[in-house]
Each structure stands twice: as C-alpha cells, then as structure tokens.
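*Asks:* What follows is a single structure, and I will ask about it in a moment.
The values are calculated or read from the model by the stated rules, or taken from the named source; none is laboratory data. As the structure is a prediction and not an experimental result, all values here were calculated from the model. Neighbour counts are summed over all protein chains in view; Cβ atoms, including those assigned to glycine, are modelled from backbone coordinates with ideal geometry.
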Amino acid sequence: MNVENKQSEVLSNRTFKKRDGTSEGIYGYDYEITLSMLYLLHGLRGESDFWLASNIEGFGAFDDIFFEHEDQNKSRIVLVQVKHCNKPRLSKNITFGDLFVDGNDRKRQKKNFGLNKYFVESYFKIKQNPEYKNSDITLVIHANVNVNLKKGTEKQGKVETLEEYLEESKLTDDNILSIYEGQKGTCYKIKNHLELKKYFSCSSEDEIEDFLLRIRFVVNQPSQPKLESIIKREIEKKYKTSEKKGADMVFGSVYQDVKKRLAKGSKVPYLTRKDNYFKKAIEHLYSLKLKEDLPEFWQVPLRNYNFVGREALLDKIEECLKANDTATLVACHGIGGIGKTQLALEFIWSKLQKYRWIIWLDTRDRNTLINEYIKLGRGLNVIHGYRENVREEDHAKHVKYWLEHPERAGWLLICDNAPNYKDIADLLPIEGGKILLTSRYTFGWPQPQNTISVDVFEPGESRSYICKILEVKGKKLDITQVDALAKTLDHLPLALAQASAYIKKTGINISDYLKLYNDRKRALLSDETLLETFPADANRETAAIVYVTWDITVEAIKKESSLAANWLTACAYLDGSPIPQSLLEIFADNQENNPSLETFHEAFGILISYSMLTIKEDHSMLIHSLVQEVIRLKSEKSGKTKEDIKTVFQLLQKGFPYHSDKLEDYAKKRQLLPHLEAFLSHMDNLLEKNSSEKQTIEKDYLLDLLMWINDGYSDLGNPKRQKELIEWILPILQRHFIPDYEIATLLVSLGIAYNALDNPRNAKELFEWALPILEKHYGSDHPKVAVILTNLGHAYENLDNPRRAKKLFEQALAIQEKHYGLDHFEVAKLRANLGLVCYALGDLQKAKELSERALPIFEKHYGPDHLEVAKLLSNLGVIYGGLGYHKKRKRLLEWALAIKRKHYRSDHFEVAILLVNLGIAHNALGSSQKARELLERALPIFEKHYGPDHFEVAALLASLGITYGILGKHKKNQELLKRALPVLKKHYGPDHPEIAIILISLGISHGDLGDHEKQKELFEQALPILEKHYGPDHPEVATLLINLSDAYGALGNHKKQKELFARASSIFKKHYGPDHPEVAKLLAELDDI
C-alpha cells in the first residue's frame, strides 16, 4: 500500500461539525457562501492541499470561514469572522472607539467590533481547540465597511486614533491565498501591541499580545453583488470564459454545489482540492458550446510508411467515390489480414485535398458504431450530458442527422471493419459526403458497382513490402530468400508484417525464420484441438499462417519482457476496440504482473517493435483479434485461464470508475464498457466449463462485473442492455442474501429501463415494490426517494393516469426543493414534467407557471440553443395556445424551431413536429394560407417517419383538411378528412370529440358544395358526441345547432330549422346573459326564420 496516498485519502475524508449558522438572515448566509467560493477559488490556484469549512463549531466568533493549508509541514489556519452589513454607510466606518470598547459596556462590545469581546469569548475557546497546538492560526475580521484611521476617541485622558496602531499587511506571512493582494488599504495588522494591553480587562499580558499578533482586519470589502462580480471576473480570467453568461453559469453552478456541500450536519466533509466545482462547471459549460465545424481529421490513424503497391485498388476507390450520388458508399471487402484497413488509410493520406473533413469510425458491430458516433458527438459538443433519458441509439442518430446537414457537406467517412450492411444501414448518413467502408462481407452492399475485392499481395508487392521493412543501408537482402518468405506466407499482408517485424527485431536471418516457422506449423497442423478453434468459415491454410507467425512472436516477447508478455495475456480477454494507456499503467503498478519492475514505457516499446500493437493518436492501443485468440487458447491448454481471469478482473476493478458521476469518468466508462462486455463473455465461458464452481465464480467475479457494466449503461443510456443485466443480477443477489434495500435499488434501475423501453406497467410494479423499502431505509424525504417518485410518476403518465402522476411529481418536487433549493436544475426538470401533467389535466394556467419557472433554469444549465430548451419552448407554446394566447404561442414555437434547425436537417422529424404546431397556431391567428404551407411541408416527413396509416399522420391530415376547408378548397378538404377519419376512429373510438370536429368540417364542406342532405347527416352524427363530451347546454353544442339549423333551412324544413335555432339561442342566452350583443343578434335572426 502507498502510505502517502493513504494519508492523503484520510485527510481528504476529514469532516467537521457545523453550528446552526449565521444570525444575519438570508443576506448574511448568501454572503458567507459566496465568500467561501472566493476562498475555494484561491485555494485551488495554489499547489498546497487545503481544507475549507463554513460555520465550524469550536472556534468562537471566528467560525464563519475556516481555511487550513500545509506550508513546509506546518499547518496554517485562517479563521474568519464575517461582519457583513447589507447596506454599509460611511458613518459605520470603524474607529478606535469601536475596537477598544470599555470592558463594562457589554452592549457596545456585542454590537460593534470590540476586540475585548473577541478576546474573552473566542480567543480562549480557540486555545482549547486541539487544532490550536499544532497550527499557526490567523484571526480575521472581514467587514464591508472601512476603517477611519484619523478619527480620535478619548481614552484614559488621551485622544487615540487607529493610525497609530494599524499598519497595512498581507493576510498571512506566506500569502498563500493572495485574495486581497493589490488592494491598498484593505488588510491591516496591529502594531505597538504593548501600549494596547491596558484596554483589555483581564488575562495575562502574553496572552493579550499573542491575540493581537494574530488579528487581521480585512476592511472595505465588497457587498454581495460586487463580490459576485469579482468572482465572475476571476472565473473569466482563470478559465478563459469568453462571454459574461458563461461566467454567470459557472458562478451559479458552483454556488449551488458549495451551498449543498456546506449544509448542516454533524459530519460535514471539508471542501478540498478534489472538490474543484469550478472545473466541473467549466467542463459543463464547454460541453454546451456547439462546434459548428468538424475537425479536419477525426480518429484517423497515423500513416503506415511501409505501405507499398495497391495502385490499381487506390485508383478504383477514387473512381467510385467520384460518383455524383450525395452519399456514395464504396465497400472494400476481403478476408481478415488482407490489408483492407491499410488500403483505406493509404487512400486517405494520399488524397487529403479531396475532402473538407475525414472521419474514421470503428464499425465492427452496431453497438461499436453507436459508441463511435456518440464519441464524435461529444467531441463536437453536438450532444452532451448523461442520465438524460435518451437512448444511446437516438444520440447516435442525432449525430448522423447533424452530419447530413447541408452546411457540413464535403466529409469522407471511413467505416472500418463493418458488419453486414443491413445491421448498420439506418446509422449511415444518406447525404452530405462519401463513405468508404472495409468489411469481410462480400455481398449485400447497396451499390454493387462500388464493391471492391481486396486480395493478397502480388509477388512484386510482397517483395517490395518485405524489403522496405528489412533493408538496411549498405546491406542487400537475398531476394531468393525474400521471395521464399513471401510464398511461404501466401503473400498475406498481415503475416508478412508480423514475420518481418520479428526478423528485424531479433536479427534472425530469413532462412532460420522459415525453418522455425515450418517446425511450428507442422506442430500446429498435428494439433486437432487447436485446429477446431479456427472459425468455421475460415480458410484453414490462411488461418494457420497467421496463427504460426503470431505464436512465434509471442514466445519471443515472453523471453524479452515479462510485463509485455503478461500485458498481452490480459489484452486477450479484452475487446478489440482501443485499450486506454491508463490500463497498462495500472497493470504495470502491480508487482505480480511486473516482477522485474519494468516501466510501462519499456513494455510498450517492445510490443510496438514486434508490431503486436497499433497505436492511436490518443495513445490508446489496438490488438488484433487473432492474437487474442492464440493467447487464450495457449492459456487454456496450459491450465492458466482461471489465473488470467483473476488478473484481468483486478485490472478492470481498478480501472473502471464504478458509481462515479464525475464528467471525466463518464468518458472512461464509455471507453471501458466494451472491454467489460468482452471480459463478461469469457467469464460466461468459464462458468460453462466449470459449473461446479458456479457459486464461487458468481460471488468472486461475476456479480461485481455485472454491477459495473450496469452502472455504465445506467449512466450512458442503454436501457435494453441494462434490463438484461439486472435480470441476470437479481437471482444472483437473492442467492447470496443481499439486504432488501440493495435489491430495491436495483429494481428501481430495472424500472427505469422498463419505462425507457415503453413498458410502464412493469416499471410501475417495480417502483411500487421498491418505494416503501427505500423510504424505510433512507427516510421519506430523501432525494433517492424523490427519484423513485418521479419515475413512478412517469410510469403512471405513460399509463394515461396523469392525475396519479401529478400527485407523485408534487411529492417529489417538495423533497427536491427542500434538498436542492428552488433554483436548482433537478427542481426545474420536475417542474417541467409537472407542467406537462397539468396540461394533460386541463390546468393550463398551472402548466404555464411551472414551465415558465423552469425555462430560465434550463437556459442557464444547458445554454440557450440546446434541444432541451427547444423542447420546453415548444411545450410552453402549446400551453399558451390552449390558453388562447396564439401570438405568444407562435413566437415560442418559432424560437424553438430556430434552435432545432441548428441541429437537424429541414426534413427531420423533430422539425416537422414544430411545423405542425406552428401551422395550428397560424390557423388560430387567421393565417390559414401560411398554416397550409407549414402542414404540407410536415406531411411527407410524418408519412416517412410513421408510415401512411399511422394515427399521427391521420391527425395531421385532419388538421390540413380543416385548413383547406377554411380556405374554401372543399374537394381537397373532403379527400384529406375521409382518408383520416377511419384511422382516427380506430384510435379514439367513434364517440371522441376529435371525431366530431372532423364530421363538422366535412359537413361544412358538403354544404358549401351544395350537398345539404349530406351536411345534415354529418352534423347529426357529430351532435350527440359533443353533447356527451361537453353537456347539452355548452356553447360548442349551440354553435353546431346553428349550423345544423342552417342545413335544415337549406333543405326547406323551416320548422326544424326554427326549433334548433331556438335551442341554440337559449344556450347562448343562458351562457352569456340576455344583454350580450351576440345573443341579441341571434334572437333577431330567430324572428326572421
């Protein structure tokens, strides 16, 4: 164990007990939190470890701020008494009389700055504190009023002024904080101590002198708003935030973090260097800033300067990519080891000038491609944030849509090692650039004329390749031997590379290598167990060549470096995706893996020299899957698999940041998850072959591994995989008698996954089972309980029970407001959810209030151009529409549309949703022509997204049909409404008010075309629906009665016309009153019938 690290860990886990807090009300409390932020910011500037607390018990009046740091193995503590006046006045400036109050004037002692009070009530308490004996303590009186150095006070027959006793000073001798540096007339210390002792009422002269030497007066300090401005300026200067709103966002975030951390409690952790809330907030801020341009190269591997030949293939690729199709796809296919990746890489480096941006994505399966897209999206800040209830696949498709935007046209996308086309087709961009793809799959590509077969080297290319690697200046190679090596290895590029690297590294001559190779190959081909491990569809001869060349190299590495050999063994149980260098560093720190105490750089260099690793720009490493297979097989044959599993488990345990919610750790989780998944598959194989040891393997390895992977997917958004994992974990937990609350916590995660997978009924059952267990364990007002209530609310919402959802959201909101405060982002999210439920329940005013309170917090948290802000604006616009404020609705929807257009193409489904809502808003404002244009733009996008017979398409057809009716285009109106009606009846049922609206619109259309009989029939179908929904005396019913009355009149049945008109007039009279102008007008018309 590293003693120094252990000591650091203990120190960072120190806690303190808080007193109740400031007595100066909310202003004093805010000021103390803000001042704590200033101390934290300056503590982080330095290099020493520090501990920061507020309202710490045991230091008398000097407990508002506690700041301790180490200086040359000596503890130095600054204790601050904050005297904050909300509205300081000049007359309050500190004079000699304020500091040296008569000992018997207790009222003035308490109210002002009397040092005798501090001496008696605080100094002796501080002396008794264990911290005092081992620390150099400075006592600070921090005030936002100034000192008056010249104003005299008569004392004991003499006029005394502060000018005689105060001199400017630094806060501490080492000036570690430098908070008040450069502010003249800010910090004072006391001089001429001996002459002041007479003004103290008790104790020894040594104690009085010690007290006076420790005192500092920090005066003329800024009030709360100015202090905020100072901190924001320092944030801008230190972290280079370019805009004022950036510093505002960082300040607000850090304020909430510090406030939460320094909350009341008997064991409150100190703020330390590891609590860099400023860095966390800055990282979040920059994750919100969209980078409008792609990098020139994204993940493009370094050029292989040993590449030779292949000119015809390079020309063919170029010719195919020249096609005018907006997203030409060229597929280079061939067996493993044939050189497809190197061909694509050489094409890139030889054709740089052809493309604006070049993006390289590992595409070996669908999940890997999704992760690569997400990595690209986060690199561009196109997507950010975690735990946002967004599926990984949706994040990936968002990046794909972003690439398709016309402004980003001109890219070349390399999809390396792709699977079958149908597995990834929906993830490939359809416009904006070109796609070059490498794959082992020969058939199924969408543009057969653009498929290119990659075969082994031509003999001349093999010769050139070997010579390029092995030739040394002034020394000729035996070409006969070179050609023999090429022929023996069947001109396979991967085998030639491996053999040449071995020959170059060891200095062996080619003929000796060929002898070694042939001996190993004979042994291999005689081992049926080994041959059975070859893939069923593999060419046995080709596979044998690759296996033998690598086996020779692995044996050589074992002799040269135990660390390198052990690392190769560990890598054999990881995934084929890039392995972070940090894992090798962790691995090398364990002496069991590294008995010779080599540096990881030495091992790294050996593996590179043998061409066993490919190094990427970020220093991560790739190892070929065939190498992994060779090593695992050899371990199994030698009985070392269990030992290897233990080693790799310990490595992943140290490397995976389980349960961490730090921003930088989410990236680590994403990078390591494929390796955990690969290791899980090997663990599964171990269980199959050692079923008798199932319980031991589960307890020692499997359970932890499954929990780590679930933790990763919980953070990164893969509910389908998360569900599979939790359903695997639960029976293991139950077999090993895990406490109920831990199982309940896991069931909550499973419920969240079910909710995300559109299975709210199962989610509800799980949440309701877990809720009482976690309430009992944590307490009913704990934030973890609020999380369950919120998710249970979402389940009820998805089960069409908004009333129950509302109650649950309100319960959760009360807990979150108490825990986080009113302006926290988590609280704003709940308000937004509650607003949607209130809208569904018809409480539009409450929905508007909740959404408007959430909006500025969303803008501050996400930035004004984020999609979550657009979503909230859109919801708020619809709410305003429901309240009848259609101009406001239109403005909000246009604002949301402008944001979405920055992220999506104009024909994206998310854009189409807003076009529909805007169309409805224009209809309400009387702009039906504009409404028609918007709805018609949305219709083909909806049809493509949903299919032509979907309910949402029918609802849009209905809106568009009604719009055509308003514009007098009755045939088009009837065509669209008749197409929509059967789908909507099936969805709503025949008695829904939405069906009545369509029937009424159709009736009006038939009437305008002269078919009054059909008009009457349609109105009479609609009437009982409206009566049932609104009641028989509602104005909506009366309006339809008037229309029906007109239809009867047109058919010559004036008796029925008058009867219906009279009934409508009666309803309006009852609703509006007899004196309403519209009622008078109706009564006049009734007389005319």
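*Asks:* Residue under question is GLN498, and the condition is that it be out of contact with any strand residue (DSSP E or B) (no Cβ under 9 Å at 6 or more places or on another chain), surrounded by 16 or more Cβ atoms within 10 Å (Cβ to Cβ), in a helix (DSSP H, G or I) and at pLDDT below 90; does it hold?
*Replies:* Details: out of contact with any strand residue (DSSP E or B) (no Cβ under 9 Å at 6 or more places or on another chain): yes; surrounded by 16 or more Cβ atoms within 10 Å (Cβ to Cβ): yes; in a helix (DSSP H, G or I): yes; at pLDDT below 90: yes.
The answer is yes for GLN498.
*Asks:* Here is a further query. Give the stretch 129-154 a look and list any residue that's outside any loop (DSSP other than H, G, I, E, B) and either crowded, with 20+ Cβ neighbours inside 10 Å or in contact with a helix residue (DSSP H, G or I) (Cβ under 7 Å, 6 or more places away or on another chain) (or both), or say none.
*Replies:* TYR132, ILE137, THR138, LEU139, VAL140, ILE141, HIS142, ALA143, VAL147, THR153
*Asks:* A further question on this structure: Mind counting the residues in the stretch 206-239 that are part of a helix (DSSP H, G or I) and either aliphatic (A, V, I, L, M) or touching a His at 6+ places or on another chain (Cβ under 6 Å) (or both)?
*Replies:* Residues in the stretch 206-239 being part of a helix (DSSP H, G or I) and either aliphatic (A, V, I, L, M) or touching a His at 6+ places or on another chain (Cβ under 6 Å) (or both): 8 in total.
*Asks:* Looking at LEU914, LEU956, LEU918, which one is within 34 Å of the chain's Cα centre (by Cα), within 29 Å of GLY1010 (Cβ to Cβ) and at pLDDT 90 or above?
*Replies:* Unique residue meeting the criteria: LEU956.
*Asks:* Look at the stretch 613-646 and say how many of its residues are part of a loop (DSSP other than H, G, I, E, B), without any contact (Cβ under 8 Å) to a residue 60 or more places away in the chain and not charged (D, E, K, R).
*Replies:* 6
*Asks:* Could I ask something else about it? Considering only the stretch 55-82, state which residues are among the acidic types (Asp, Glu), surrounded by 19 or more Cβ atoms within 10 Å (Cβ to Cβ) and not in a loop (DSSP other than H, G, I, E, B).
*Replies:* Within the stretch 55-82, just GLU68 meets the criteria.
*Asks:* Taking the stated definitions as given, is SER1066 crowded, with 21+ Cβ neighbours inside 10 Å and at pLDDT below 90?
*Replies:* When the stated conditions are applied, SER1066 does not pass them.
*Asks:* Name the one entry in HIS1029, HIS1076, HIS1054 that is loosely packed, with under 14 Cβ neighbours inside 10 Å, on the phi < 0 side of the Ramachandran plot and at pLDDT 75 or above.
*Replies:* HIS1054
*Asks:* All but one of (1) assigned to a helix (DSSP H, G or I); (2) modelled with pLDDT under 80; (3) closer than 17 Å to ARG214 by Cβ hold for PHE113, so report the exception by its number.
*Replies:* PHE113 satisfies all of (1) assigned to a helix (DSSP H, G or I); (2) modelled with pLDDT under 80; (3) closer than 17 Å to ARG214 by Cβ except (1).
*Asks:* Hey, another quick one. Restricting attention to the stretch 971-1016, which residues are more than 23 Å from ASP949 (Cα to Cα), crowded, with 16+ Cβ neighbours inside 10 Å and in contact (Cβ under 8 Å) with a residue 12 or more places away in the chain?
*Replies:* Once the filter is applied, which keeps residues that are more than 23 Å from ASP949 (Cα to Cα), crowded, with 16+ Cβ neighbours inside 10 Å and in contact (Cβ under 8 Å) with a residue 12 or more places away in the chain, the stretch 971-1016 yields GLY1003, ILE1004, SER1005, HIS1006, GLY1007, HIS1012, GLN1015, LYS1016.
*Asks:* Regarding LYS888, is this residue over 24 Å from LYS848 (Cα atoms) and surrounded by fewer than 23 Cβ atoms within 10 Å (Cβ to Cβ)?
*Replies:* On the way: over 24 Å from LYS848 (Cα atoms): no; surrounded by fewer than 23 Cβ atoms within 10 Å (Cβ to Cβ): yes.
Against the criterion (over 24 Å from LYS848 (Cα atoms) and surrounded by fewer than 23 Cβ atoms within 10 Å (Cβ to Cβ)), LYS888 does not qualify.
*Asks:* Still on this model: Within the stretch 963-1072, considering only helices (runs of 4 or more DSSP H) that don't extend past its boundaries, which have at least 3 residues that are over 24 Å from ALA921 (Cα atoms) and in contact with a Phe, Trp or Tyr (Cβ under 7 Å, 6 or more places away or on another chain)?
*Replies:* In the stretch 963-1072, the matching helices (runs of 4 or more DSSP H) lie at 1035-1050, 1054-1072.
Condition check ((1) crowded, with 21+ Cβ neighbours inside 10 Å; (2) over 25 Å from GLY337 (Cβ atoms)) across all residues:
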{"site": "ASN590", "(1), (2)": "no, yes"}
{"site": "PHE604", "(1), (2)": "yes, no"}
{"site": "LEU607", "(1), (2)": "yes, no"}
{"site": "LEU613", "(1), (2)": "yes, no"}
{"site": "LYS616", "(1), (2)": "no, no"}
{"site": "VAL627", "(1), (2)": "yes, no"}
{"site": "GLU643", "(1), (2)": "no, yes"}
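*Asks:* Hey, does the stretch 633-645 have a residue that's within 30 Å of ALA396 (Cα to Cα) and out of contact with any Ser or Thr (no Cβ under 9 Å at 6 or more places or on another chain)?
*Replies:* no
*Asks:* Enumerate the helices (runs of 4 or more DSSP H) found wholly within the stretch 389-490, keeping only those where 3 or more residues are within 30 Å of ALA756 (Cβ to Cβ). Explain how you work it out, then say what you get.
*Replies:* Working: elements: 392-404, 421-424, 459-470, 479-488.
Qualifying helices (runs of 4 or more DSSP H): 392-404, 421-424.
*Asks:* Being hydrophobic (A, V, I, L, M, F, W, C) and buried (at least 21 other Cβ atoms within 10 Å of the Cβ) is the filter; apply it to the stretch 539-551 and report the residue that is modelled with the lowest pLDDT. Lay out the reasoning, then the answer.
*Replies:* Our first condition is that a residue be hydrophobic (A, V, I, L, M, F, W, C); within the stretch 539-551, this holds for 543-546, 548, 550.
Remaining after also requiring buried (at least 21 other Cβ atoms within 10 Å of the Cβ): 545-546, 548, 550.
Working: ILE545: 82, VAL546: 77, VAL548: 85, TRP550: 83.
Of everything passing the filter in the stretch 539-551, VAL546 is modelled with the lowest pLDDT.
*Asks:* Here's a follow-up. What is the residue count in the stretch 251-272 for residues that are in contact with a Ser or Thr (Cβ under 8 Å, 6 or more places away or on another chain) and modelled with pLDDT of 80 or more?
*Replies:* 7
*Asks:* So LYS316 fits all but one of (1) assigned to a loop (DSSP other than H, G, I, E, B); (2) modelled with pLDDT of 80 or more; what number is the exception?
*Replies:* Every condition holds for LYS316 apart from (1).
Let's see how each residue does on (1) under 18 Å from ASN306 (Cα atoms); (2) at pLDDT below 90; (3) in contact with a strand residue (DSSP E or B) (Cβ under 9 Å, 6 or more places away or on another chain); (4) not small (Gly, Ala, Ser):
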{"site": "THR442", "(1), (2), (3), (4)": "no, yes, yes, yes"}
{"site": "SER464", "(1), (2), (3), (4)": "yes, no, no, no"}
{"site": "GLN481", "(1), (2), (3), (4)": "no, no, no, yes"}
{"site": "ILE510", "(1), (2), (3), (4)": "no, no, no, yes"}
{"site": "THR529", "(1), (2), (3), (4)": "no, yes, no, yes"}
{"site": "GLU532", "(1), (2), (3), (4)": "no, yes, no, yes"}
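*Asks:* LEU956 - would you say it is closer than 15 Å to VAL916 by Cα and either surrounded by 15 or more Cβ atoms within 10 Å (Cβ to Cβ) or in contact with a His (Cβ under 6 Å, 6 or more places away or on another chain) (or both)?
*Replies:* Here the answer is yes, as LEU956 does meet what is asked.
*Asks:* Going by the conditions given, is ILE879 hydrophobic (A, V, I, L, M, F, W, C), over 22 Å from ASN923 (Cα atoms) and in a helix (DSSP H, G or I)? If you could, list the steps in order and put the result at the bottom.
*Replies:* Details: hydrophobic (A, V, I, L, M, F, W, C): yes; over 22 Å from ASN923 (Cα atoms): no; in a helix (DSSP H, G or I): yes.
Taking the combined requirement at face value, the residue does not satisfy it.
*Asks:* Scan the stretch 291-304 and report the pairs whose first residue is in the same structural domain as VAL399 (by TED's automatic domain parsing) and whose second residue is among the β-branched types (Val, Ile, Thr) and at pLDDT below 65, with Cβ atoms within less than 6 Å and a gap of 6+ or a chain change.
*Replies:* Filtered contacts from the stretch 291-304: no entries.
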